[in-house]
Every structure is written in C-alpha cells, then in structure tokens.
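Okay, so here's the structure we're looking at.
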Amino acid sequence: MTIKDERHFAKLVVPVKKVSFQGGYFRRPKQAVLRIYRDKDIANCEAYRLIISREGIEIRTRADAGEYYAMQTLRELIAIYGEVLPFCKIEDEPDFRRRGVYLDCSRGKVPTLNTLKELATWLSHWKINEMQLYVENVFTFKKHPEIGRGYSPFTPEEILSLQEHCKKHHIQLVGSLASFGHFEKILSLPRYRHLGEKPGFRGFAGGTTLCPIDPSSIKLIAELYGEFVPLFEAEDFNVCCDETWELGKGRSEKRTLRVGAGQVYLDFLLKIHRLCEKHGKRMNAWADIVLNHPELLRKLPRDMVLLNWEYEQDGKNIKRTKEIADSGLPLMVCPGTSSWLTYGTRLPNSMGNVTNFAAQGRKYHAEGLLNTDWGDDGHRNFLGVSLHSFAHGAANAWNGKAVDNARFTENFCHRAFGQRDNHMAEAIRLLGGTYITCGKTVPNKSLLFMSFFEPMLKDKTIEFSAIDLMSEKGLRRIAIELPNEKLWPKDVKTIGDFEELALKELKLAARIDCLASRRALAAKALRAGQNVKSSELRQLSRQMRDIGRDFKELWLARNKLSRLNDNMRLFNLAENELKKGL
C-alpha cells in the first residue's frame, strides 16, 4: 500500500474511525461480489465492518442502519478510487447517537415536500439520522385554521409522507413546535392577541411570548399538540421554549416579583412536560433560558433533553455544556450553519462553531449534535449555501477528531459537485468570507446582508448603519474578486438536479454580495457629498431588478410561495430607489 493510497482516505467527507490496509487492490469486475452479514458481536446498531479483499467486499453489521452507513462509505470510496479499491478493513461507528439537521421553515420560506425529501436523501449519504423542521405557525391546524393562513403551511399528509421517506433512509423525523416564545405570528392574530405576555412588545401586536399565568395559554398549546404531535413516530419532541424575551415584564410581572422569573418559566415548562408525557414523548427544549437561571438545572424533569445552542465559534454557551452534563440531564450540542442574515454564509465561523461544539459534546457525552439552519428576516438565504455546513456538521457528528478543516471544503466540492480541481472550493471560501472582507464583523450576521436594503441616503430613522461600518477597501476587494466566473464549475453533467440547483444558489449569492458591495460603495460616496453618476446608479438598478427576478425563480424552485412577496417588495423598493437616481 502506497502513501498515495492512504492519503486518498483523507478525501472522505465523513471520515471513518479505523482503517487498516492489507496490501493489494480489488479490481472491480463487471459483477462485484458483495456479501452482507449480521454480526451480534457488533454492539452498536449503527456500527459496521467493511472489508475489501481479493474475494470481494464484505459488510458486517448488527442491524440495517449499520449496513446502510457501510454502503455510504463504500459509495464514497468508489467515487474516490474508481474501479480499483485498496484491500483494507474498516471498523466504524458514530461519535453521537443523534446526528441531526434543524431546518427553519417559519421565517417566510416553506420548502416543498419534494425539496425536503431530496434533502433527507442527501443528508443520509453523510450519515445524518435526524431531521427537525422548525414550525411556529406553518401547519394546517383544523381547530385553528387562521394560524397558518398566508404562509403556505404544511399539511398532515405532507408530514406523514416525509416521515415515510425519512424512514427509508434511516432518518428520524422529530417534531418541533414553538410553545412559549417566538409566538409573535400567532399572537398578532386578533383571536389570540389576549394571550400575549406583553402586547405591543417589539412592535408586535400581541408581543412574542405567551403569558405563562393565563390558563388559556396552555389550553391553546394542548389543542395544537393534539393535532401536531401524534403525527411523529419519534420518541423525542422539541417544544422549543427559547428566547422568551418579555417574560416577567408584562402580565406575569407581579408573580415574577414574588417567585422570580426562573420559577415562572419553570412552572409553564412543567405544564408542557405533562403534555409531552400524555403523548408519550420525551421533551426536548432549547437551553438558553435555563442557562440564564442555572438553579433550574436541578429542578427539571430528569428525562428532559436540553438543546444547548450557540452560534459564534467561541461563544460562551459552548463551554456551558459542562454545566448541563454535571446536572445529570441528557443534552445535545447545537451549533449552526451561520447561513442566516447573510447570503453566502459566515463560513469560518460556522466551521469553528461546529468543531468546538462537537468537541464539547464528545467530552461531556452529549447524546447528539443538532446543526441548525435559521432564516431570520425573511429567509433570503439559500438552502444550497447551507449544504457545506450540513456536511461538515455530519462529519463532526460521526467522527469529529478526524475532520480536517483545512481540506474539508475541497473534499466537499469533489464529492458533492464532482469537482476535480480546487476552483470551486476557492469560490466558496471567498463567498463564505465576505462578512470578514467587508471590513467589520458583527455577531450572528453579515453587514453586507444588513446593508443590502438599507436606504442609501442616511437619515435619522437609521439607528444602525451597516454601510457606515464597512470599509471601502474591503468592499472594493469583494466587488473585484467575487464576480470571477472562472471559479464556478461550468460542466455539471456529473451532478444531480439537487446539486445543480445548489450551484445556481451559490452563484446568485455571490452576485448579491457583489451588488451589495457596489451599492454600499455608492452610498458611502453619496453620504460623503461626492457625486455618483446617474448611469452607475441606473446600472445598479438593472442589476437589482435582474437579481430580484432570479431570486424569485430560485425561491419557487425549492419552496412554496409562502412569504416570497414580502421579499420581492424589498427588491422593488431598492430597484426604484436606484432608478430614480436619488
């Protein structure tokens, strides 16, 4: 076995735990011999042994899941080595029992059933075994039909169809429903407005959080659960309960002053826990509010799973994983794709966030890693841009110690997009680094995203100006480097429709960041009292129009109509602003 052959194993997107080379090669005949055995000596149902020898290929597993994952590794090896595979023995099993992806479906973008099925299949190839869809209001509740109206909500039949598809690929579809905070869409409706903790909070008619001391709040949750929860076969159910911003500041203020905000939160959480027990589910909940009141860790039900989230690569809650583990509660570590509030991801942050959280999860025996993909502010970020992080999260959930961050992007482009050179990897790094290149970084977002629809002429209504914070030098660099079409692959015959659409999404994201840079430069000049040619502004206007048209096309290629028109109004306003020449 040569060094070159061993090095090829480093091209696996999801690294294997242990491989020993036997010397020699298996030259695949027209009908290769593949034998699959059940082996009770293999303890983990997802573990497998894969042996490639002169006699053929042998897979040994305890259960179907292990066989499935062995086949995914074999698929990768064939893609890397071609017709001649090295003799070797692989012994492999995952770091985490639960390896999930969490997809926001409530900030304006609701994927079609076909998109979700394609995504589930794609994720299963990287050995993901759990999917959750974030639902605030995007479900057709029979007792409460107005809740999902205007958002293209999921139907029960769609959830059941997706669940059956996921099962074929050894993925559990775990239900998730906002049950306390992030209730603003429902509370904005006249029928439910009275249930808000503090109506009018942050400009929302009913506020964002249910009033925990109103008996009608838990009654509404019970009715929603009665229709939604029984659809899911998985043992776990995510009740969310995060970011209850106005808790104790409105209708529950008097009780909060007596017993404390933590206790008020806990009282309502225990009511939700009883609903989960009624439906035979193990309650999962985001950990942020509990970590704000760490005295609650010893008071929570012992079967409750805390989902510890943190989206900055060195964020403080990553290391607070130890507190949850020390309390004896089961937990999952929950990094993110860093693809929201940006068009091209914050790639270095995402990779650092996933890597650091996975390490904490291994150290403190978390039962899973759940990689989150949000869609704040209209969900203008594209699914295709998040695929890199989904694969990176999957690799860290299976065998994090062996993931080579320096080479990962090349491996991803080679396997997911069939690229044989490193040009696309360079393009993805450029796109994923614009939040740094623009000259100023801020947590949880890219200033380019924030600036894209900011009025070009600054006025008193602009409290936070992303345009002012960015540097001319950085913006000019983005405008010059990002449009390089030579970096993006032209020949896509070797990839499927799902990946081909992802490539279009990546290229449009690059165009948007490029236009954002040029528009911000023009705005800086205007704010400094400099002259900007009308012809330049009209050109930017035409580009805004073209990008809006292409954005709409790509949105509808993967998603229902949902809140597309909300975003199109922003494109139209920006186009008209530029067209008028200011």
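The values are calculated or read from the model by the stated rules, or taken from the named source; none is laboratory data. From a predicted model like this one, the values you see are computed outputs, not experimental measurements. Every residue, glycine among them, receives a Cβ derived from its backbone with ideal geometry; neighbour counts consider all protein chains shown.
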Leading residue by the ranking (surrounded by the fewest Cβ atoms within 10 Å (Cβ to Cβ)) among those in the range 42-58 that are out of contact with any Phe, Trp or Tyr (no Cβ under 6 Å at 6 or more places or on another chain) and of a type in the set (A, V, I, L, M):
A43
Index of the failed condition, V385 passing every other in (1) assigned by TED's automatic domain parsing to the domain that holds E312; (2) in a helix (DSSP H, G or I); (3) surrounded by fewer than 24 Cβ atoms within 10 Å (Cβ to Cβ):
(3)
Qualifying residue in the range 440-447 (condition: part of a helix (DSSP H, G or I), surrounded by 24 or more Cβ atoms within 10 Å (Cβ to Cβ) and more than 19 Å from the chain's Cα centre (by Cα))
yes
Looking at the range 309-324, which of its residues are buried (at least 19 other Cβ atoms within 10 Å of the Cβ), outside any loop (DSSP other than H, G, I, E, B) and not hydrophobic (A, V, I, L, M, F, W, C)?
N317, T321, E323
Looking across the range 158-176 at residues that are out of contact with any helix residue (DSSP H, G or I) (no Cβ under 9 Å at 6 or more places or on another chain) and of a type outside the set (A, V, I, L, M), the single one that is farthest from Y68 (Cα to Cα) is S176
Does V305 count as buried (at least 19 other Cβ atoms within 10 Å of the Cβ) and of a type outside the set (S, T, N, Q)?
yes
Quick one: in the range 346-392, which of the residues that are under 11 Å from the mean Cα position of the chain (by Cα) and hydroxyl-bearing (S, T, Y) is farthest from C514 (Cα to Cα)?
T372
Hey, can you tell me all the residues within the range 126-173 that are surrounded by 21 or more Cβ atoms within 10 Å (Cβ to Cβ), of a type in the set (V, I, T) and assigned to a loop (DSSP other than H, G, I, E, B)?
I128, V138, I171
